[in-house]
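Read through the structure below, which is laid out as structure tokens, and then see the notes.
Derivation of every value follows stated rules applied to the coordinates shown; laboratory data play no part. On a predicted model such as this, the values are computed, not experimentally measured, just so you know. Neighbour counts run over all protein chains shown; Cβ positions are idealised from the backbone, glycine included.
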Amino acid sequence: MRATLRACSPRALRLDLVVPLTIERVTTWLAAYVRAWDTYDPDTIGDLFTEDATYHYHPFEEPVRGRLAIVASWLESKDPPGTYEGRYEPIAIDGDLAVAHGRSRYFKDASKAEQVREYDNLFLIRFDEQGRCQSIHEWYMGRRGQREPVPG
């Protein structure tokens with residue numbers, strides 16, 4: 001009876017539901033992130049995030065809050081198809097928190113013959129037990145002397 005009580009305790013049940021965050025899980029999520037960026041499919045974007053996720057695009061601005069708002073933020077400023085690429089990989093994991101590093105490159109057109117911008121990216125991503133993003137902080141730095149696009 002003692003073993004049964006211990007096995008049915010909330011703590012034991014919680015441990016059974018938790019899937020540890022691994023390099024492989026974060027790598028899979030980052031690949032899905034790039035796929036969502038490539039397609040701009042609302043469902044593909046939304047599948048990355050929890051219902052109450054936050055996306056911090058800029059350290060001095062309020063984050064975008066909620067899955068639907070994050071999807072809308074992606075869709076309101078689409079990059080022209082085929083004119084960009086991103087490669088990211090996890091570099092550290094601590095519990096449900098991952099740090100990823102990568103590069104984003106932008107091209108004049110879909111031929112990708114002429115690169116116009118490149119950014120070094122750092123992501124701080126907190127995941128839930130199902131591997132969806134609860135929060136993401138994104139930092140990016142362009143090459144020195146690189147001309148930035150005019151917002152609008």
- request: Go through the range 23-63 and give me each residue that's β-branched (Val, Ile, Thr) and assigned to a strand (DSSP E or B).
  value: Thr50, Thr54
statement: Those residues of the range 99-152 which are assigned to a loop (DSSP other than H, G, I, E, B), among the small types (Gly, Ala, Ser) and out of contact with any helix residue (DSSP H, G or I) (no Cβ under 9 Å at 6 or more places or on another chain) amount to Ala110, Ser111, Ala113, Gly145, Gly152
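Quick grid of which residues meet (1) farther than 16 Å from Arg25 by Cβ; (2) charged (D, E, K, R); (3) under 17 Å from the mean Cα position of the chain (by Cα):
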residue: Leu48; (1), (2), (3): no, no, yes
residue: Asp52; (1), (2), (3): yes, yes, yes
residue: His56; (1), (2), (3): yes, no, yes
residue: Tyr88; (1), (2), (3): no, no, yes
residue: Ser104; (1), (2), (3): yes, no, yes
residue: Arg117; (1), (2), (3): yes, yes, no
statement: Of the residues in the range 58-86 that are surrounded by 12 or more Cβ atoms within 10 Å (Cβ to Cβ) and of a type in the set (D, E, K, R), the one that is nearest to the chain's Cα centre (by Cα) is Arg67
message: Of the conditions (1) in contact with a Ser or Thr (Cβ under 9 Å, 6 or more places away or on another chain); (2) surrounded by 12 or more Cβ atoms within 10 Å (Cβ to Cβ), Gln130 satisfies every one except a single condition; which number is it?
response: (2)
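Conditions tested, residue by residue: (1) in contact with an Asp or Glu (Cβ under 8 Å, 6 or more places away or on another chain); (2) free of Cβ contacts under 8 Å to residues at least 24 places away in the same chain; (3) among the charged types (D, E, K, R).
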| position | (1), (2), (3) |
| --- | --- |
| Thr54 | no, no, no |
| Pro59 | no, no, no |
| Ser73 | no, yes, no |
| Asp79 | no, no, yes |
| Ile93 | no, no, no |
| Glu114 | no, yes, yes |
Where Asp109 falls short, out of the listed (1) within 16 Å of the chain's Cα centre (by Cα); (2) exposed (fewer than 15 other Cβ atoms within 10 Å of the Cβ): (1)
task: Determine which single condition Gly131 fails, assuming it passes every other condition in (1) touching a strand residue (DSSP E or B) at 6+ places or on another chain (Cβ under 8 Å); (2) within 13 Å of Ala53 (Cβ to Cβ); (3) among the small types (Gly, Ala, Ser).
output: (1)
statement: Over the range 64-78, the set of residues out of contact with any Phe, Trp or Tyr (no Cβ under 7 Å at 6 or more places or on another chain) and either assigned to a loop (DSSP other than H, G, I, E, B) or of a type in the set (Phe, Trp, Tyr) (or both) is Gly66, Ser77
